[in-house]
Amino acid sequence: MGIHSIRDARRRAKDAPAYLVIVLVLCLVVAAVAAFLWRSSQLVRLDRATLCPVSGPEGLTVLLVDKTDPLTTIQREALRQELRKIKEDIPIHTGIEVYSVAPVQTHLLTPEAPMVCNPGTGAAVSAWTGNPRLVNKLWDERYSRPLEHLFDQMLSFGTAPVSPIFESIQSVAVGAFGPLRPAAEYRRLIIISDLLHNTPQFSQYGGPGSFDDFRRTDYYRRVRPDLRGVQVEIIYLRREGTEQGRSHIEFWQDYFRDSGASVIHVTALQG
């Protein structure tokens, strides 16, 4: 081997680590770009007004609040805590709408505020491909605080001559769940109520009555909702001197079952 060949071999051996470093850096850059592009493809574009995906919410929680009778001090604070849990439990990219039980005569019930979706927090965002601080700011200012303010307003219960619970449930079945796209499979109805329906056509003051008898009435056929695919949760408000209890809950479980829904659980509110 000549002198030049030896020198070239030595130079190549000396330059080999540098080449390996360059190749390694290039591989890391390619991997980072690929990860960024993949992450970008997974991001969901949100509507500026609702924070829901532009294609529509991936599901919906409807909160139906019966404010036709006042709360005790204990009930009000216990309910405040339940509402906070509900806010925290809304799945990402699914919406929440809040309604009050009210007569449905000339129009459907309207939500107390426009629907808003949970945009998610910064905990699920990588600092390499997103901005966790900005996401947390969005969650706090556009989702969490407005809901807390709305919940504070909803805690002002009063009195009303009627409690048209059946009509209110049917209204949200049509007006809230009805417009959801079929792909939005997450459908949750949370009812905060004493469940003492009271209208001229039917009243549960004095006893819940038999659901089998009620089901055969023309009134039920008119107010029966379509809640297929909806999961129902009940926050049960106790009222002294009323006919609440096991048979009353069973009446409502039969009612929801007949409407196509499934009752997930019933929570008796303290107080």
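Here are a few things to note about the model shown:
- GluC sites (Glu not before Pro) lying in DSSP loop within the stretch 109-210, provided at most 14 other Cβ fall within 10 Å: Glu185
- Computed Kirkwood radius, in angstrom, where 1/r is averaged over Cα pairs of the stretch 106-215: 17.7
- Accessible-area composition of the stretch 168-271, carbon plus sulfur, in percent [1.4 Å probe]: 44
- Surface accessible to a 1.4 Å probe, Arg238 within the full protein complex, Å²: 120
- Heavy-atom accessible area order for Ser203, Ser100, largest first, 1.4 Å probe: Ser203, Ser100
- Using a simple spin-label model with pseudo-atoms 7 Å out from Cα toward Cβ, Asn131 and Ser55 lie 2.5 nm apart.
- Debye intensity ratio I(q)/I(0), log10, the stretch 155-229, q values 0.13, 0.20, 0.22, 0.25 Å⁻¹ (C-alpha model): -0.48, -1.00, -1.12, -1.27
- If only the Cβ of Lys and Arg carry +1 and only the Cβ of Asp and Glu carry -1, the dipole of the stretch 64-120 around its Cα centre is close to 120 debye.
- Accessible area of Asp213 in the full protein assembly, 1.4 Å probe (Å², nearest 10): 90
- Per-residue packing, averaged as other Cβ atoms within 10 Å, sorts the ranges 155-161, 53-59 into the order 53-59, 155-161, beginning with the highest.
- The stretch 228-261 and the stretch 189-227 have Cα centres lying 10 Å from one another.
- Using the 1.4 Å probe convention, the accessible area of the stretch 226-271 works out to 53 Å² per residue with neighbouring protein chains retained.
- Rg(Cα)/(2.2 N^0.38 Å) for the stretch 187-271, N = residue count: 1.06
- Whole-number percent relative contact order across the stretch 165-271, with pairs defined as alpha carbons under 8 Å at least 6 apart: 32
The values are calculated or read from the model by the stated rules, or taken from the named source; none is laboratory data. These numbers were taken from a predicted model, which means no experiment stands behind them. No Cβ is skipped: glycine too gets one built from the backbone with ideal geometry, and neighbour counts run over all protein chains shown. The protein model used for the area step is the full one, side chains on, heavy atoms only, and it has no ligands, DNA or RNA in it. Shrake-Rupley method; radii C 1.70, N 1.55, O 1.52, S 1.80 Å.
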